[in-house]
Amino acid sequence: MPTPSNAFASYCCELLSTAGPCVAKRMFGGYGISTDGLTIALVSDLGHGEKLWLKASPETRATFEAAGCERFGYTAKGESRSLGYYTAPDAAMESIEEMAPWARMALEAALAARSAKSKPKPKSKTTTASKKKPAVKATAKRPPRK
């Protein structure tokens, strides 16, 4: 798989700048684009040329699909897998203004994913009473002090 160019990753950072200051870092043979520590996009060349892949949420997937965006997918150990990233629409790749609503959706998806990870996990159904050790009765008397 060819490695995307740093120039393309830098261009994508410019396109996504309405989401905040973006940084491209090497990641899995491509680049991860993040703002404020949140990965909002990937840059990858899966053998069909360099592409920008924007983070999507369950709520925004339909919007990406309606715009004809392709879902990020790969094959590992003979199985097809996909991630929650979609290509940006062609028109959005032309200007910051066209990309702005897509960059906002990607940022919101990253924020939602971080929020979901930080929510406390539901407590198990076992009660604290069942976790307590059984009370031990004192059967021996304390030896007298000398």
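For the stretch 1-14, the criterion of a residue being surrounded by fewer than 16 Cβ atoms within 10 Å (Cβ to Cβ), closer than 23 Å to R114 by Cα and touching a residue at least 12 places away in the same chain (Cβ under 8 Å) is satisfied by no position.
Results for (1) assigned to a helix (DSSP H, G or I); (2) buried (at least 17 other Cβ atoms within 10 Å of the Cβ); (3) touching a helix residue (DSSP H, G or I) at 6+ places or on another chain (Cβ under 9 Å), shown as yes or no for each residue.
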position: E59; (1), (2), (3): no, no, yes
position: G68; (1), (2), (3): no, no, yes
position: F72; (1), (2), (3): no, yes, no
position: T75; (1), (2), (3): no, no, no
position: Y85; (1), (2), (3): no, yes, yes
position: E98; (1), (2), (3): yes, no, yes
position: W102; (1), (2), (3): yes, yes, yes
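Report whether or not A91 is more than 22 Å from F28 (Cα to Cα) and either free of Cβ contacts under 8 Å to residues at least 12 places away in the same chain or in contact with an Asp or Glu (Cβ under 7 Å, 6 or more places away or on another chain) (or both). Yes: the conditions hold for A91.
Values quoted throughout were computed directly from the atomic coordinates according to the rules given, and no laboratory measurement underlies them. Because the structure is predicted, anything quoted here is derived from the model rather than measured. We place every Cβ from the backbone using ideal geometry, glycine too, and count neighbours over all the protein chains shown.
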